[in-house]
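Participant: Sharing a structure with you now.
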Amino acid sequence: MTATKHELLRSHLQNLIERELAPDERLPTERDLAQEFGVSRMTVRQALERLENERRVYRVRGAGTFVARPAITKSIELTSFSDDMRRRGLAPGAHLRTAESVPAGASVGFALGLSPADEVVHLERVRTADGVPMCIEHTYLAAALVPKLLDRPFDNSLYDLLRDQYHIRLVRAEQSIRATVLDEATATLLQVPAFSPALLVERTAYDQRDRPVERAMSTYRGDRYAFEIEVVRPATDGTA
Ligand code: GLP
C-alpha cells in the first residue's frame, strides 16, 4: 500500500517533532509544507491543528508553529493494560478466551474504516493483575494489517506484539469511558457478584501512519480501577 500525501505529511511532521527539531524550535511554514507535499494549506493546517490538540506543537500568532516540550504527566499517554499494571507495581497477565477471524460488522467496521464484510481478528482476553482478574477485553484488529496474527501466542502484551512483529506502534487513540454494570457471565469471569459496577472503556487506536488499527471494548472492575486524566486549559484561546 503506498502512503497518501496526507500520511507522508503527517509522518514528516512527526519526524521533525521527535527527531530533527528541539523544543521551542519553529516548524516550516504552512505554505512551505503545502508546496513540498503538494497538498492544500487547509490540509497542512488541519495536520498542525491535530498536533496542537495533542500538545505536541504550539502556535504563536504571527510567529509560526513551534515544537512543544514533552508532557510530564503519564496519565494522558496512550498506554497498554500491561503498562498500566506495571506502573502500579502489579504483574500483568492475559487468559485468551477467544481468537477468531470474523466480519467486521457495521460498528467495528466504521471505527476501523472497513466495510462490514471485511475480516477482522477478534480477541477476547481476561486481563489479570498479580493473577487477579481485572478486566475483560474484546479487541478487533483489521486482519489485513496483521497477517497470521492468529498463529501467534497471546499470553503477553498485544501492543508489544504489534510493535515487534508488525512494526505497528499505536500512538494515539479516541477513547470513551462510561459506567456500566456487569452481566452475570462477565461478573463470573471477573470473580465479582453479578451486577457489580464496572467501567466500560471503548478505544479506537491509530498507528504512526494514522491508520485505525484497533477497536477495543474493555470492561474494568469498578472496585479495582480508576482512571487519571489530566485536563488542560487551551493556551492560546485569548482568555487569561
Ligand atoms: C488497554 C486498552 C486496550 C488494549 C490493551 C493492550 O487495556 N484498553 O484497547 O488492547 O490495553 O494491552 P496489552 O498490550 O497489555 O495487551
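The values are calculated or read from the model by the stated rules, or taken from the named source; none is laboratory data. Given the structure is predicted, the values throughout are model-derived calculations rather than measurements. All Cβ positions, glycine included, derive from the backbone under ideal geometry; neighbour counts span all protein chains shown. Please note that ligands, DNA and RNA were not included when accessible areas were found on the heavy atoms of the full protein model with its side chains. Shrake-Rupley method; radii C 1.70, N 1.55, O 1.52, S 1.80 Å.
Participant: Once the Cα gyration tensor of the stretch 123-240 is found, what semi-axes does its equivalent ellipsoid get, as square roots of 5 times the eigenvalues, in whole Å, sorted largest first?
Facilitator: Semi-axis lengths for the stretch 123-240 are 26, 25, 11 Å.
Participant: Per residue of the stretch 6-15, in order, report the coupling 6.51 cos²θ - 1.76 cosθ + 1.60 (Karplus, θ = phi - 60°) as ³J(HN,Hα) in whole Hz, putting x for Gly and Pro.
Facilitator: 4, 5, 4, 4, 4, 6, 5, 5, 4, 5
Participant: From the P(r) of the stretch 135-189, could you give the percentage of C-alpha pairs in the tail past 16 Å?
Facilitator: Cα-Cα pairs of the stretch 135-189 separated by over 16 Å account for 57 percent.
Participant: At 1.4 Å probe size, with the rest of the protein present, what percent of the exposed accessible area of the stretch 31-165 is carbon and sulfur atoms?
Facilitator: 50 percent
Participant: Also, quick follow-up: How would the stretch 1-42 be classified by its alpha-carbon gyration tensor: rounded, prolate or oblate, with rounded meaning a/c under 1.5 and the a/b versus b/c comparison settling the rest?
Facilitator: Oblate is the answer for the stretch 1-42, as a/c is 1.5 or above yet b/c matches or exceeds a/b.
Participant: If you don't mind, there's one more thing I want to ask. Work the Kirkwood hydrodynamic radius out for the stretch 33-130: mean of 1/r over every pair of different alpha-carbon atoms, inverted, in Å.
Facilitator: By the Kirkwood definition, the hydrodynamic radius is 17.8 Å.
Participant: Here's a follow-up. Give me the extension gain from residue 6 to residue 88: residue separation times 0.36 nm, minus the current Cα-Cα distance, reported in nm with one decimal.
Facilitator: Length difference between fully extended and current span is 25.7 nm.
Participant: Something else: Are there any chymotrypsin sites (Phe, Trp or Tyr not before Pro) in the stretch 106-210 that are in a DSSP loop and have at most 16 other Cβ atoms within 10 Å? List them by number.
Facilitator: Sparse-neighbourhood loop chymotrypsin sites (Phe, Trp or Tyr not before Pro): 154, 195.
Participant: How much area per residue is accessible in the stretch 22-116 when the probe is 1.4 Å and only protein heavy atoms are counted (Å²)?
Facilitator: Accessible area per residue, the stretch 22-116: 61 Å².
Participant: In the chain, if every C-alpha pair distance is counted and binned at 5 Å from zero, what percent goes to each bin?
Facilitator: Going out from 0 Å in 5 Å bins, the chain shows 1, 6, 11, 15, 16, 15, 13, 10, 7, 4, 2, 0, 0 percent.
Participant: Helix-only mean residue ellipticity at 222 nm, the chain, DSSP H runs n ≥ 4 weighted -39,500 (n - 2.57), per residue, nearest 500. What is it?
Facilitator: Value at 222 nm, helices only: -7500 deg cm²/dmol.
Participant: Continuing with the same structure: Ordered by residue, what ³J(HN,Hα) values in Hz, to whole numbers, does the stretch 102-117 give under the Karplus form 6.51 cos²θ - 1.76 cosθ + 1.60, where θ = phi - 60° and Gly and Pro are x?
Facilitator: These are the phi-based 3J(HN,Hα) values: 9, x, 4, x, 5, 6, 5, x, 4, 4, 9, x, 10, 7, x, 7 Hz.
Participant: May I pose another question? In the stretch 114-149, which trypsin sites (Lys or Arg not before Pro) fall in coil by DSSP and have 12 or fewer other Cβ atoms within 10 Å?
Facilitator: Hits after loop and neighbour filter: 148.
Participant: Please list, short to long, the whole-number percent of alpha-carbon pairs of the stretch 1-70 in consecutive 5 angstrom bins beginning at zero.
Facilitator: Result returned by the calculation: 3, 18, 30, 28, 15, 4, 1, 0.
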